[in-house]
Each structure stands twice: as structure tokens, then as C-alpha cells.
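Working notes for the structure below.
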Amino acid sequence: MRSKILILLIVVFITIPVSVNAAEPKAAFIRSDGLWLKKGTKETRLVSESGLTQPKWSFDGTYISYYDFEGKLWAYSLSTHDKKEVFHSSVSLAQWSPREKTIAFKDSSILNIRKLEPYSPFSNAALGTGSYSWTPDGQGFIVSSDANLTPAGWTNVAIFHVPMDASGNTGKVKKLAELPGESDDFFAIGTSPFLFSVNKNLMAFIACPTASYSADRNFLSLLTTEGKKFRVVGEVLADINWMKWSTDGNFIAFIEGEGRLTTENKKLTIFSTTDNKKKSYTPAGYADGDFTWTSKTSIVVSRKKESGWNIAQEKRPKPQLVSVDLMTGGSRNITSQSSQYSDTHPVSLKDNQLFWERHQQSGIHVWQADSNGSSQKIWIENVTPEQWSIYQTN
């Protein structure tokens, strides 16, 4: 009798569905009428207001920051269901701490921070800030200064470490490096934010020249975290979303190629930090764009046939998603090429879910599939382009 009961329990246990794979995704997104939350299949409007942009999650998924139509920074609490004003006037480069419910932002060239729990007054972290990023431990910032034009030419861009409690005290600031001066091979008056490798040994960033040059040519650069070694690995457009570290930290993928036109001379390239070699994975006659790592050896990229200025924009081939095998160099289609829609901005989650943005006549929608492209379906309808953010744990 006992053996029969035991067998029955085993059968019941095996047949009960266990949700160990795909977790229920949640996304903050913008429509013309406000800030929305999508969780699983349910949509909720959080803020009813037009002109909102750039939703971003706090590290623990309890807050969503966004800008209003005037450029003011706000944070919406999912626990109290209210919004808090982070700063009273227009700001830029808002970034959440990777460890606390604290948000940093730039007011002109002043780097400020504000703790939301407990809700505290904002404080200055550093003056003279060009760009910045939090350090991975959340205890400070990597900050770049912008170059200045003098009668003798441009000064050099400098990079600093600023502890979170610096409060404008320059004695606590450490200069890490100074970028090279202007030459035929390099010119920078500022940088993008900084992306740390998984092992935290390297920082990747885009060194940007003046605006007229930057529209066509910028420099993807690597700097060791202590500031000792600097190198340029490729020429790129000034799009920080077009560079991403691999999950093991030894490779950085980026879209290489100068020229402001995104439909030609744009190659998916991998740079190895172990042997300082790089390799392009874009076949001749094609141009690559937005991409996401789906594993240590594969990338999903938005790819289209090359076209130049001689072809009207509305007649240029539309991009599709393809999966690139970095071991073999081969690729396979995730979505089909079509004249009716464009597939861009792929995002891969750790549980093998893939999301992307599809532009078509009926509107702009976020699609969802398994990372291999199976089970494709619309997840969010009618979003503002590039104004959606899926929550992911650090």
C-alpha cells in the first residue's frame, strides 16, 4: 500500500508544471498618454501625462524614473503608487545606483545624487562633469571632463574616480587618466558614459570629437579600471547601445564603421581583450545595427541589405533579426525580411526570452519570442519608439 502511495506521489509531482524557465517579464513603457507598466499579460497606466520619455528601472525594480515634457526628472514608486520629483528643472543622463534606491543626474555640468528611501534632498557629487557612470559597487562614479578650446588648441579629456560622498570636495577625487591629444588618428572633446566588463577590469566608452566630426566618426575606447592602459579598438557612431560586453568579460561586440548613414558600412565586430584581435561578422552587401548577446557564442542583430544616399530613405531595405554564431561565423534568420515592417532593438533576457521593436503600418509594437526565434507574438502594442525598458536583475 505504501509503495502504491509513493508511486502516485511521484507521478503527481512529475506532472505538476514547474515554472523554472521563463519568469514573468515586466516592462516600463511610454505611450502618447503616459507611463505604463506591462507585467505578464496585464497593462497598467501609472502616470497620465503626455510627452514622457526614457523610463528606467531602479536596481530592485521598485522605482521607474522618467522625464516629463519639460525635461524634469521624476521617479514613480511601484510600492506606494505615487511619483516623486527628483529635480525641479531640466536635467540629463539620469542613472540609478546599481546597489541602492539612489539616482544620479546632471544639472548642466554638475553631477548630483538623490536618495529616494528615505526621500532626501539632492546633493552635489562633482562639478565640471562631461559624462559619467556609477562604479559597479555603487560607491562612486567614473567621470569624464569635457575638453576646452584654448588659443593653443583643445585641452585633453580627463577621466576621474569620484566617491559618492565627495560632495564637491576635490580632495577626494582621483584622476585616473588623460586621453590623447588631437592627431590625425584621434580627436576627442568628450566621452559617452562608461560600460564595465563583467570582471570589472576594463571600461568601454566612446570618445567623441566636435559635433560635425562626431556625426561621422567616433572612437570606441578601452581603459583599464585603474587608468593605466588605454587603447582605441574601432571607429563607430556615437551610439552607446551599439557596444556591449560579453557575459564572460573577454569580448566586446560593437558596430564598426564611420559615416553617419546607418544603412552602409556598419559591421558587427567582436574584439577580444585576451589577444587584442577583432573580427567582423557582417557579410558583404549588408549593414548591421542594434544587437544583443544571447549567449557567450551568439548574438542577435538587426541586419539589412546595404543602401546608400542614392536610394531614397522610404525605399531602402528594412531590417530583420538574425542570429549570428560567433564560433562558425554563420547566421540564421530569426524574423523574415519584409517590405512591410522593420525589426530593431533586440533585447535578450537571462531566461532565454527575446524581445524587439517592430515598426509597421499599424503602429510600433514590442514582440516576444524564445531566444531561438520560436513562439513569436506581440507583447506590447503601440509604444513610443525606443521608449520601453524591460526589468532585469543586475
Restricting the range 372-394 to residues that are assigned to a strand (DSSP E or B) and not polar (S, T, N, Q), the one nearest to residue 66 (Cα to Cα) turns out to be 388
Looking at (1) in a loop (DSSP other than H, G, I, E, B); (2) under 22 Å from residue 281 (Cβ atoms); (3) modelled with pLDDT of 95 or more, which is the only condition residue 233 fails? (1)
From (1) buried (at least 21 other Cβ atoms within 10 Å of the Cβ); (2) of a type outside the set (A, V, I, L, M); (3) within 19 Å of residue 148 (Cβ to Cβ), pick out the condition that doesn't hold for residue 181. (1)
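Say we look at the range 305-348 and pick out the residues that are among the aliphatic types (A, V, I, L, M) and closer than 21 Å to residue 244 by Cα; which of these is surrounded by the fewest Cβ atoms within 10 Å (Cβ to Cβ)? Give the derivation first.
Within the range 305-348, the subset among the aliphatic types (A, V, I, L, M) is 311-312, 321-322, 324, 326-327, 334, 347.
Then keep just the ones that are closer than 21 Å to residue 244 by Cα; that gives 321-322, 324, 326-327, 334, 347.
Working: 321: 27, 322: 26, 324: 24, 326: 19, 327: 8, 334: 25, 347: 20.
Checked the range 305-348; the qualifying residue surrounded by the fewest Cβ atoms within 10 Å (Cβ to Cβ) is 327.
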In the range 271-296, the residues that are within 22 Å of the chain's Cα centre (by Cα), in a loop (DSSP other than H, G, I, E, B) and either more than 12 Å from residue 252 (Cα to Cα) or in the same structural domain as residue 237 (by TED's automatic domain parsing) (or both): 281, 282
Quick one: how many residues across the range 75-90 are surrounded by fewer than 20 Cβ atoms within 10 Å (Cβ to Cβ) and either outside the structural domain of residue 54 (by TED's automatic domain parsing) or in contact with a Lys or Arg (Cβ under 8 Å, 6 or more places away or on another chain) (or both)? 6
Just give me the residues in the range 157-216 being in a loop (DSSP other than H, G, I, E, B) and acidic (Asp, Glu), in sequence order. 165, 182, 184, 185, 216
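The values are calculated or read from the model by the stated rules, or taken from the named source; none is laboratory data. Quick caveat, the model's predicted, so the values are computed rather than measured. Neighbour counts are summed over all protein chains in view; Cβ atoms, including those assigned to glycine, are modelled from backbone coordinates with ideal geometry.
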